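The values are calculated or read from the model by the stated rules, or taken from the named source; none is laboratory data. Worth saying up front: this structure is predicted, and the values here are computed from it rather than measured. Here Cβ is always computed from backbone atoms with ideal geometry, including for glycine, and neighbour counts include all displayed protein chains. Just so you know, the surface numbers come from the protein's heavy atoms only, side chains and all, with ligands and any DNA or RNA stripped out. Shrake-Rupley method; radii C 1.70, N 1.55, O 1.52, S 1.80 Å.
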Amino acid sequence: MSYADFVSATLGNLYDPNGWQYIVELTGELLVLTDPAAAAPARAQARTAVARRAAQARQQRGYDFPYDNGLETFLTVDCTDAYHPKSADAWPALSAREDKRAPYFGRAWAWGTAPCARNTWTVRDEDAWTGPFDRTTAAPVLVVGNYWDPATNYQGAVSSARLLPNSRLLSSDSWGHTAYGTSACVTGAVDAYLLKGTLPARGTLCTGDVQPFQDEPVAARAAASKSDLARAGEPGRGEPKRLPPVVAPLPAVGTLTVR
């Protein structure tokens, strides 16, 4: 398992509020492997565990049967709609800059779009909006930012809201990718905006229902799961405590799109 593998595994598991468990286990195993003073049995056990994780990661990439075309579909959208540097030889310097702005993950996200260089990916979306993004819109824009999102940095939401004159920033102290569905606070505010055009109060800060390092009793988890299933598909009945499974992320530049 390389340094890049470790960063990728950490990034993927941060999509899930409960992914910290995997990160803690993997980090502990790697620390044992790199500790010269570790006992031989412990090192052997850690080596086996890390090898198993690496094999599972390779299998999940899906470049065999059944084939997963997620990478191609992602690039088709990102490369066609977004505006990228002209030549791929700009990526080393730009990805290093991104890593300074967003340590560890900036480089990974940036390199994921290297195929999108404009001199190699020449297809363009004819009606893609390329700006400007600092104009007053006819209707107010709700920008939602999640404090602990590994893909769309919270500061991106802050800067986007500052750029748009007629906008409102809704902040969420929650973990994982995106905030909708993480609490009744965020979900209710977004629903109210989409259905009625109303905005939350300025400075609204929501807190996610699921926080890391908080283990629920088994009985409570079972009860929550049954309750979630019972009210699935019933709008207005509250939000589930447990989040749905998240698809493993593809490498991409994490940007907030304001429409």
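Which residues, taken from region 113-129, are in a loop (DSSP other than H, G, I, E, B), within 24 Å of ALA151 (Cα to Cα) and at pLDDT 90 or above?
THR113, ALA117, ARG118, TRP121 - these are the residues of region 113-129 that are in a loop (DSSP other than H, G, I, E, B), within 24 Å of ALA151 (Cα to Cα) and at pLDDT 90 or above.
Considering (1) farther than 30 Å from THR182 by Cβ; (2) open to solvent by 40 Å² or more (accessible area, probe 1.4 Å); (3) assigned to a helix (DSSP H, G or I); (4) modelled with pLDDT of 90 or more, say which one ASP35 fails and leave the rest.
(3)
For residues that are in contact with a Gly (Cβ under 7 Å, 6 or more places away or on another chain) and among the polar types (S, T, N, Q), scanning just region 138-176, find the one that is nearest to GLY19 (Cα to Cα).
If we take residues in region 138-176 being in contact with a Gly (Cβ under 7 Å, 6 or more places away or on another chain) and among the polar types (S, T, N, Q), then SER174 is nearest to GLY19 (Cα to Cα).
Select from region 175-186 the residues that are of a type outside the set (Val, Ile, Thr) and not in a loop (DSSP other than H, G, I, E, B) and write down the one among them that is nearest to THR207 (Cα to Cα). Can you show your working first?
Taking region 175-186 as the starting set, the residues that turn out to be of a type outside the set (Val, Ile, Thr) are 175-177, 179-181, 183-185.
Checking which are not in a loop (DSSP other than H, G, I, E, B) leaves us with 175, 184-185.
Working: TRP175: 9, ALA184: 9, CYS185: 8 Å.
So the residue we want is CYS185.
Quick test for you: out of VAL50, VAL77, pick the one residue that is assigned to a helix (DSSP H, G or I) and open to solvent by less than 70 Å² (accessible area, probe 1.4 Å). Break it down stepwise before answering.
Values: VAL77 fails: open to solvent by less than 70 Å² (accessible area, probe 1.4 Å).
Exactly one of VAL50, VAL77 is assigned to a helix (DSSP H, G or I) and open to solvent by less than 70 Å² (accessible area, probe 1.4 Å), namely VAL50.
Residue-wise test of (1) in contact (Cβ under 8 Å) with a residue 24 or more places away in the chain; (2) closer than 15 Å to ALA4 by Cβ; (3) open to solvent by 80 Å² or more (accessible area, probe 1.4 Å).
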{"residue": "SER87", "(1), (2), (3)": "yes, no, no"}
{"residue": "ALA93", "(1), (2), (3)": "no, no, no"}
{"residue": "PRO103", "(1), (2), (3)": "no, yes, no"}
{"residue": "GLY106", "(1), (2), (3)": "no, yes, no"}
{"residue": "TRP111", "(1), (2), (3)": "yes, yes, yes"}
{"residue": "ASN119", "(1), (2), (3)": "yes, no, yes"}
{"residue": "ALA128", "(1), (2), (3)": "yes, no, no"}
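Quick check, is GLY181 modelled with pLDDT of 90 or more and at positive phi? Talk me through it step by step, then tell me what you get.
On the way: modelled with pLDDT of 90 or more: yes; at positive phi: yes.
The answer is yes for GLY181.
From the set of residues in region 188-207 that are open to solvent by 60 Å² or more (accessible area, probe 1.4 Å) and in a helix (DSSP H, G or I), which is farthest from TRP175 (Cα to Cα)?
Here the answer is LYS196.
Failed condition for SER172, given (1) at pLDDT 90 or above; (2) assigned to a loop (DSSP other than H, G, I, E, B); (3) surrounded by 18 or more Cβ atoms within 10 Å (Cβ to Cβ); (4) of a type outside the set (Phe, Trp, Tyr), with all others met?
The one condition SER172 does not meet is (2).
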